[in-house]
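The values are calculated or read from the model by the stated rules, or taken from the named source; none is laboratory data. Since we're looking at a predicted model, the values are computed, not measured. Note: ideal-geometry Cβ built from the backbone for every residue, glycine included; neighbour counts use all protein chains shown.
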Amino acid sequence: MVDDNTLAAAAMEQYFSRTGLLRWLGWCPDPAAAVQTIIQIRPDVVLLDVEIPGADCFAALRMLTDQCPDSRVVMFSGHTQFALIDRAFQEGAAGYIIKDDPTATIAQLLIDAAGGECVLSPTASASYLREGGNSA
Amino acid sequence: MKSDASVAPVPMWRVVIIEDSPEDRDELRRLLLKGSDRRYQFVEAQTGAAGVRAVLEDPDGPPDCVLLDYTLPDIDALEVLPAVIGPDGLTICPFVVVTGIADMRLGPAVLRAGAQDFIGKDWMTAESLTRAIENAAERWAMTRELQARAAALKAGQHQLQLAVELAGLGVTRIDYCTNTVVLDSIAAELFGLQAGVPLPRSAIDDTFHPDDAAEISRLMNHSLDPAGDGCFVMEHRVVHGDGSIRWQSVKKQVVFGDVGGVRGPVAGILAAVDITERKAAERELARHREDLQREVETRTAELAASTVALHTSERLAALGTLAAGLGHDIANLTMPIRTRLELLNAACTTDGAREDLAAIREALDHLSNLSAGMRLMAIDPERGEASPPAADLKLWCVETSQIFRAALPRQIQLKCDVPGGLGVNIPRHWLAQAVFNLVQNAGEAMAARPAGTVRVTAEAATSDAGAPVVKVQVSDDGPGMSAEVVARCFEPYFSTKGRAICTGMGLGMVRGIVDSAGGTVAVRSVPGEGTTFTLTLPAVVSGQAAHANAALMAAVTVKSQREAALAMMFLGQLKVRTSRHLEPSVPEVSLWVVERPDPALLRAYLGHDRERRVVVLDRGFDSAASDTGGQKPWDGQGLNDLNARMTVLSPSPSPGELRNAITQAIRASAPTALGT
């Protein structure tokens, strides 16, 4: 998990270690540093925050899809704006999860992503599909 | 002649004697020389013609005097004189006619002919002759002087006349003895009276405008008072015979004199000039000045209002930023809290603990909704795309009711009655901000009351054009609005409140939002009963895919993550189950979104079931070639008859293209599967 919200990361770690749904490898608040680590440890799935002040998260996404294609990168965001979601998928994200979702949903989406699927939070899908239809 | 400086120079006169008799000439010379100690220089001529030549052609100029014999051999004096008269009607020098004829009647004739004097030979003496030429010279000089002055006077008069005419001055001469007036042509035009003929004084008085008459009378009497300066100066109106009114600037000067032993006005000169246009221009200017003043005041007020509005917007913008930031921070905090709660829930064993957790969870949900509501409120209303449509009104209401409740005074209740299954095609933050405004207005209207209720409801309906709409209503049981306020309430800047942050833009914004969403807003209010605002908005046609679609299954295998995600989401929205694996034997309908289809696999799949359809995203496919009827990569492989059941899209289709292709393919293969 790459996110500057320490409380959220700690909570996720606890959740996964207690439920055993996924093996938690670690978290890092800085995308640039995280990329190096991720390339080395090669996780199945990465949860990457879309907006970290002072960092370019999309650059990290591109680097990861280039150098670490087997690691599925799922974006983590508070927004449901079509532009962000579309950009994420364009640049190689395997999914887009909204922070407001229940933790169980977040967990399931991550598991699906790790299994090779493309995932999108239900709350975001409606707007994404509608907006996407409009931009045809 | 030399003149001695210590003695006055002896005067010398040049005298021309025109006399044919030598004895008479000698006599004249002798008498003159005897008559004074003046020195003389004589020029003599014997004929009239010679005499005239001597006078006119003398290189030293005309002589000081000429003695002219009446009777000359060629012409007589009466014929000589006209020859020596200058252009001004005066002889060019003094002439004294000497006559031997004892006819006294000659004298006047000679004087009339232009001579200054005449003298008889019989009675002339040295003294009388000398006196005669001296008098003649004096008379001549005086006459010349008089003529010059008369000419100067005439020229001066002429100039004055010209000046008066140029100035447009009308001059009226008043005779106070006969009480008549004479107007020149300009004055006549100004007063609307006749020119050049004496008119009674009352003729002018009658032209005075009744409104000015009193003041004119007062100043007039003052000017006729012999103790005063006799001046009358005024600007007043006159009325012409045709009813037209003109403004005049008038100056009168009265001359006083003795009238029957008493000092009184004798004559007067009145000069008047038309200033009607000037007066009109002055009025125009004053009006313009007033207009300008009003304009400046209006603009200043507008500027003040704009400045206030600007400051208010700046405060609002700052608050908006703050609210957005807060919303974001709260969301960041609620996520870990929620996660921990779930963990606690899983770990807790007692009912009491579970209850506590449930309560915390509920409070957290409220907080979540509050922060979501706050973020919705903070989104810039200018940006319509910043949030998705409120496709589920019930859900939207749950989220936003927190913030609506926060906008109401404590004693006012909020009741939300929004059924499920309704959706409106308007961005969530727009709907939130519009309804928030209406709820807040309702709350403020009832703030002074001990209790009240604000209701937010929604129901499905059909517009006049037959399109599905949803009516969202905000109603209150407050004091209501008067008809006048109802008529004006949507006007920008119109406000009946004195809020700390009040732009008067609230309802204007609501209307703006509703208009942008393609809906309408209406208000109904009964004073004393309450107000209801109704937002009529286009309904969202929610996916009608029924659970019957559980039977539909699609295979999605696309290397591009984006298209894969899109396809799966479209299908998910259509409630079609998806699988990432190609299975030729799939019940009911199968849909492939395939990147590089293997022809054998395609044949097997499509040939197996006439209903099957395939949507192809072939990276090796050249859409241009297809447009011109070019060959597809799998041509010639026995799939020609199957082309109709394949939809080929260019690589990287837009989400809309992909969705349309998938939807069409499903419809084509299973028309009833998708419902409406």
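Residues that are of a type in the set (Gly, Ala, Ser), touching a His at 6+ places or on another chain (Cβ under 8 Å) and either surrounded by fewer than 20 Cβ atoms within 10 Å (Cβ to Cβ) or within 12 Å of chain A (Cβ to nearest Cβ) (or both) do occur in the range B:379-388, at least one of them.
Name the residues in the range B:334-348 that are surrounded by fewer than 17 Cβ atoms within 10 Å (Cβ to Cβ) and either within 60 Å of the chain's Cα centre (by Cα) or at the interface with chain A (Cβ under 8 Å from one of its Cβ atoms) (or both), would you?
Step one: list which residues in the range B:334-348 are surrounded by fewer than 17 Cβ atoms within 10 Å (Cβ to Cβ), which gives B:344-348.
Selection gives B:346, B:347.
In the range B:399-406, is there at least one residue being of a type in the set (Asp, Glu), within 17 Å of residue B:428 (Cα to Cα), in contact with a helix residue (DSSP H, G or I) (Cβ under 7 Å, 6 or more places away or on another chain) and free of Cβ contacts under 8 Å to residues at least 40 places away in the same chain?
Yes, because at least one residue in the range B:399-406 is of a type in the set (Asp, Glu), within 17 Å of residue B:428 (Cα to Cα), in contact with a helix residue (DSSP H, G or I) (Cβ under 7 Å, 6 or more places away or on another chain) and free of Cβ contacts under 8 Å to residues at least 40 places away in the same chain.
Counting only residues that are exposed (fewer than 12 other Cβ atoms within 10 Å of the Cβ) and at negative phi, give me the helices (runs of 4 or more DSSP H) lying completely in the range B:104-214 with at least 3 of them. Even if it seems obvious, please write down each step before you answer.
On the way: elements: B:106-113, B:126-167, B:185-191, B:201-205.
In the range B:104-214, the matching helices (runs of 4 or more DSSP H) lie at B:126-167.
Answer yes or no as to whether residue B:74 is assigned to a loop (DSSP other than H, G, I, E, B) and in contact with a helix residue (DSSP H, G or I) (Cβ under 6 Å, 6 or more places away or on another chain). Yes, satisfied. Of all residues in the range B:275-287, those being out of contact with any strand residue (DSSP E or B) (no Cβ under 6 Å at 6 or more places or on another chain) and surrounded by 11 or more Cβ atoms within 10 Å (Cβ to Cβ) number 4.
Annotation: residue B:65 fulfils all but one of (1) without any contact (Cβ under 8 Å) to a residue 60 or more places away in the chain; (2) in contact with a Cys (Cβ under 8 Å, 6 or more places away or on another chain); the unmet one is (1). Here residue A:29 clears all of (1) within 14 Å of another protein chain (Cβ to nearest Cβ); (2) modelled with pLDDT under 90; (3) farther than 25 Å from residue A:122 by Cβ except the condition numbered (2).
Of the conditions (1) part of a helix (DSSP H, G or I); (2) within 14 Å of chain A (Cβ to nearest Cβ); (3) of a type in the set (A, V, I, L, M, F, W, C), residue B:391 clears all except one; give me its number. If we test residue B:391 against (1) part of a helix (DSSP H, G or I); (2) within 14 Å of chain A (Cβ to nearest Cβ); (3) of a type in the set (A, V, I, L, M, F, W, C), just (1) comes out false.
Does residue B:189 count as acidic (Asp, Glu) and at pLDDT 90 or above? So residue B:189 fails the test. Name the residue that is surrounded by the fewest Cβ atoms within 10 Å (Cβ to Cβ), counting only residues in the range A:70-86 that are within 12 Å of another protein chain (Cβ to nearest Cβ) and modelled with pLDDT of 85 or more. Among those residues, the one meeting the criterion is A:77.
Taking (1) touching a strand residue (DSSP E or B) at 6+ places or on another chain (Cβ under 8 Å); (2) surrounded by fewer than 23 Cβ atoms within 10 Å (Cβ to Cβ); (3) acidic (Asp, Glu) in turn, residue B:444 satisfies each apart from (1).
None of A:108, A:90, A:67 is over 21 Å from residue A:9 (Cα atoms), modelled with pLDDT under 90, surrounded by fewer than 16 Cβ atoms within 10 Å (Cβ to Cβ) and more than 10 Å from chain B (Cβ to nearest Cβ) except A:67.
The strands (runs of 3 or more DSSP E) falling completely within the range A:37-103 include none with 3 or more residues that are of a type outside the set (Gly, Ala, Ser) and over 14 Å from the mean Cα position of the chain (by Cα).
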